[in-house]
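Following: one structure in structure tokens, then a few remarks.
The values are calculated or read from the model by the stated rules, or taken from the named source; none is laboratory data. This one's a predicted model, so the numbers in the text were calculated from it and none came from an experiment. Reconstructed Cβ throughout: ideal geometry from the backbone, glycine too, with neighbour counts over all protein chains shown.
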Amino acid sequence: MLLGVLSTHLEEPAEIWLQAVQDPVPAEFKELNVKTFLARRDMVAEI
């Protein structure tokens, strides 16, 4: 998810980004969105 990568370059706290990846999607996709967001965010942090 591109938001995970983008979030590492902007100053908003992770809580704001997590809310953004959860709020607009149906309940059954929220967990997947959060996992993907965090995985991409971690991936960029390792580079």
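Below is a table of values for the structure above.
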item: Hey, LEU6 at pLDDT 90 or above and in contact with a helix residue (DSSP H, G or I) (Cβ under 8 Å, 6 or more places away or on another chain) or not; result: no
item: Residues being in contact (Cβ under 8 Å) with a residue 12 or more places away in the chain and loosely packed, with under 11 Cβ neighbours inside 10 Å - total across segment 30-47; result: 1
item: Positions within segment 19-29 being out of contact with any Leu (no Cβ under 8 Å at 6 or more places or on another chain) and either among the hydroxyl-bearing types (Ser, Thr, Tyr) or surrounded by 15 or more Cβ atoms within 10 Å (Cβ to Cβ) (or both), in sequence order; result: GLN22
item: Of the criteria (1) loosely packed, with under 13 Cβ neighbours inside 10 Å; (2) part of a helix (DSSP H, G or I); (3) more than 11 Å from the chain's Cα centre (by Cα), which one GLU15 fails; result: (3)
